[in-house]
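The values are calculated or read from the model by the stated rules, or taken from the named source; none is laboratory data. All figures in this text were calculated on a predicted structure; none of them were measured in a lab. Neighbour counts run over all protein chains shown; Cβ positions are idealised from the backbone, glycine included.
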Amino acid sequence: MEIYKILVIILLLIAAVDLVVGVSNDAVNFLNSAIGSKVAPFRVILIIASLGVLIGSLFSSGMMEVARNGIFNPDFFTFDLVMIIFMSVMLTDVILLDVYNTLGLPTSTTVSLVFELLGAAFVTGVVYSVDKFGGFPNLNNIINFSSAITIIGGIFLSVIISFIVGSIIQHVSRLIFTFNIKKTIKQFGAIFSGFAITTITYFLLIKGIKGSVLITDEQTAWIMGNTIPILFASLVFWSILIQIFMWWIDVNPLKMVVLLGTFSLAMAFASNDLVNFIGVPVAGLASFQHWISSGESAELYKMSILNSKLPTDFWILLIAGVVMIVTLWTNSKSRKVTETEVSLGRQDEGDEKFRPNYLSRLLVGLAMFLGRIIDTLVPKSLSEKFAKRFEKIHSKKDKEDGDASFDLIRASVNLIVASVLIAFGTANKLPLSTTFVTFMVAMGTSFADQAWGRESAVYRVAGVINIIGSWLLTALVAFTASGIMALILYLSGIPGFFVLFALAAFLLIRSHLVFGRKTKEEAVANKFLNSDILDIHQAIEESKSSTVKNLKTVRNLTVHNLQALGSEKKNALVKANEEIGILREQNEKLHGKIVKHIRKLEKGRLTAGRLYLLVFDLMQDLYQSVTLISEVCTNHVINHHPLPKKEYMSALSGIERAFGDYVDEVMEQVAMLDFKNLQHTTDIRIKLLVSIHDHLDKQIIDIQSGELGSRMGLLQTRLLLEVRDMVNAVHEIQTLYHDLSKPEPKGSLVKEISKG
């Protein structure tokens, strides 16, 4: 008995961890619209979401049946087998969700739970039957197929329904409001907001009220019996009140809708998804309590009690709600997942997180083809009228609010539609995936809002395809991993519980440390171009600090690659390649960031924009050269080719040292904008280039005489040529900053400064 008491405690501890990793992934579901539209300061958004989570957690008692008997048949299993199933599910869940959080991908905690229960129950039931009875069991005795199919069907059907409903509602809303919200909000804002609040009231307070520990059966019956009067009164009351506020204090009612929608969706999330995190541990606790009172052995006590209605204690729901709220405020991984979803739905172009693929190109091409066909069928006058309703309005205020990924109309539709669908599923005891619903609603509204223009469509569609694919992979991985866990626990017994628990703890701690390090690196990388440029001097200061940092990276990578070639250190070359990969990714993001930053500059301020573009272009030349050096060195070493002759390696070592010294001096001059030692640096550069050219001539002579083969000749000449190109690029960077530092600058770029 004592050992099972310990296992139940471990199960509850894992539940707390699962709440943290689960909320970190699911927070995107109710935060993305408010964050993407910049409706309020982040702290205000979190406060409102926290209230929704706390109240919603107290409405989730009825959903706990899914974990107890919605997937497997408890009658078939004894207490010891149920503990294997529950422990397998929880260990798999925390590891799987943490992986998705680290990658910044939204996944479904509901799908994870369902398929983990399926995998663990299936494997445990089959192994137990073969072990004890010597034959394959009747699967209908193990799995509750009718319930499982209903749940799984509802989850995946919600993907299609959410996208379609979101698209239709957003299209109609945009036709009504257009993008000139400042004008149309005065005409339709009150009735739209009143309808939105009434809809939220209906689905969250009336449809979602069943199963709450806060409402008595008599109160529920009265509310259900007076549904129509409550809705009518709500619509009239809110519409009139909002209109009065609009006249009185010129308030934007859409902000109220988005904040209330954030509250409602957080509440719907907690009431629907809390089962995914604590449903299994709560079922384990209830199983343990009834087994203790039975007096039977764990191997004989059948778990039929799980088929009964077992209300979850108020204190458990309250503690779970508090843990989720703390996670919202403290966990940085939730921010990463939110960034992914917001970036796929933003109205303007910018950094794209996903690369286009064949399927995304095919779908975009097909959509364009169908669009052309529709254009021929729709009367031109009607088509032009609709097109005007979707024309973007650009104003000074839009520029000031440029950080918002989409406007309040789309944010409102996202929240209202998602809240309705999730609350409807909760009321009907269908654990719809909040991730599937909110993500596909957001994608449907962005599609209807024409956010996927030709510049970004293939990237956005590729992102949606990748995420949906990861959802399908979630189901497969969850089923398989949970089944393997169950098999290990069945064969190893009690020691296996502790070994797997220790392994899960190690993986989570390691993931947290790695994520923390990457977050710091990204913060440093993203610091560039994050502020508004006030004048050319500020632009120079920001640009030179980034330039020095990048020059140092390029210098180090070049030196490491050349040294690793001489010592044939494969691991050092592999590490250098990884760093170059990170550099390349940052470089791609920086390009889009520069264009976006230049767009935000005031008209006529050309100098700062040109400075960023020129430095970026020169740094890209350096990245390309260091990439080629790394590639040729790596290929030469991993393929076990012989090293160049001692004479060449000695010369290359001297060139490498001279290159390092040259870049060091340039970095110092750029950092201080002090070029007193310019002549000394020029002498180093000329001497270095002369040395490179002399050794290039030597390679040509050796190739012509047949002393140097094709492969070795390619390696030796490529290294010299790329170092030469890098020296020239560094010199151009030095010249650029030298011209900017002159009291009376000359040259086309500097003339631009004097004009500014």
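Data table
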| read-out | value |
| --- | --- |
| Given (1) at pLDDT 75 or above; (2) of a type in the set (S, T, N, Q); (3) out of contact with any Ser or Thr (no Cβ under 8 Å at 6 or more places or on another chain); (4) over 26 Å from residue 252 (Cβ atoms), number of the condition residue 435 does not satisfy | (3) |
| Breaking point among (1) crowded, with 24+ Cβ neighbours inside 10 Å; (2) more than 25 Å from the chain's Cα centre (by Cα); (3) at pLDDT 75 or above, for residue 59 | (3) |
| Any chance residue 406 is modelled with pLDDT under 85, part of a helix (DSSP H, G or I) and in the same structural domain as residue 196 (by TED's automatic domain parsing) | no |
| Any hit, segment 699-711, residues being closer than 30 Å to residue 739 by Cβ and either of a type in the set (A, V, I, L, M, F, W, C) or surrounded by 13 or more Cβ atoms within 10 Å (Cβ to Cβ) (or both) | no |
| Only listed residue being over 30 Å from residue 242 (Cβ atoms) and touching a residue at least 12 places away in the same chain (Cβ under 8 Å), chosen from 135, 154, 189 | 154 |
| Residue check for residue 576: over 26 Å from residue 641 (Cβ atoms), in a helix (DSSP H, G or I), modelled with pLDDT under 80 and assigned by TED's automatic domain parsing to the domain that holds residue 640 | no |
| Which listed residue is of a type outside the set (Phe, Trp, Tyr) and surrounded by 17 or more Cβ atoms within 10 Å (Cβ to Cβ), from 678, 688 | 688 |
| Whichever residue in segment 451-475 is under 15 Å from residue 368 (Cα atoms) and among the β-branched types (Val, Ile, Thr) and, among such residues, is farthest from the chain's Cα centre (by Cα) | 458 |
| Residue list for segment 630-651, filter: touching a Leu at 6+ places or on another chain (Cβ under 6 Å) and within 12 Å of residue 719 (Cβ to Cβ) | 632, 633, 636 |
| Residue 69 touching a Leu at 6+ places or on another chain (Cβ under 8 Å), surrounded by fewer than 22 Cβ atoms within 10 Å (Cβ to Cβ) and modelled with pLDDT under 75 | yes |
| Set 251, 337: member being at pLDDT below 70 and among the aliphatic types (A, V, I, L, M) | 337 |
| Where a residue in segment 700-724 is small (Gly, Ala, Ser) and its partner, wherever it lies, is part of a helix (DSSP H, G or I), with Cβ under 6 Å and at least six apart | 713/703 |
| Top-ranked residue of segment 656-676 - restricted to ones that are in a loop (DSSP other than H, G, I, E, B) and closer than 16 Å to residue 548 by Cβ, ranked as nearest to the chain's Cα centre (by Cα) | 673 |
| One residue from 689, 714 being within 30 Å of residue 736 (Cα to Cα) and assigned to a helix (DSSP H, G or I) | 689 |
| Test for residue 422: is it of a type in the set (Val, Ile, Thr), loosely packed, with under 14 Cβ neighbours inside 10 Å and either at pLDDT below 80 or not assigned by TED's automatic domain parsing to the domain that holds residue 42 (or both) | no |
| The lone exception for residue 631 - which of (1) within 19 Å of residue 726 (Cα to Cα); (2) modelled with pLDDT under 80 it fails | (2) |
| Total residues in segment 257-290, condition under 21 Å from residue 177 (Cβ atoms) and surrounded by fewer than 21 Cβ atoms within 10 Å (Cβ to Cβ) | 1 |
| Those residues of segment 294-327 which are part of a helix (DSSP H, G or I), touching a helix residue (DSSP H, G or I) at 6+ places or on another chain (Cβ under 8 Å) and at pLDDT below 80, in sequence order | 304, 305, 306, 307, 316, 317 |
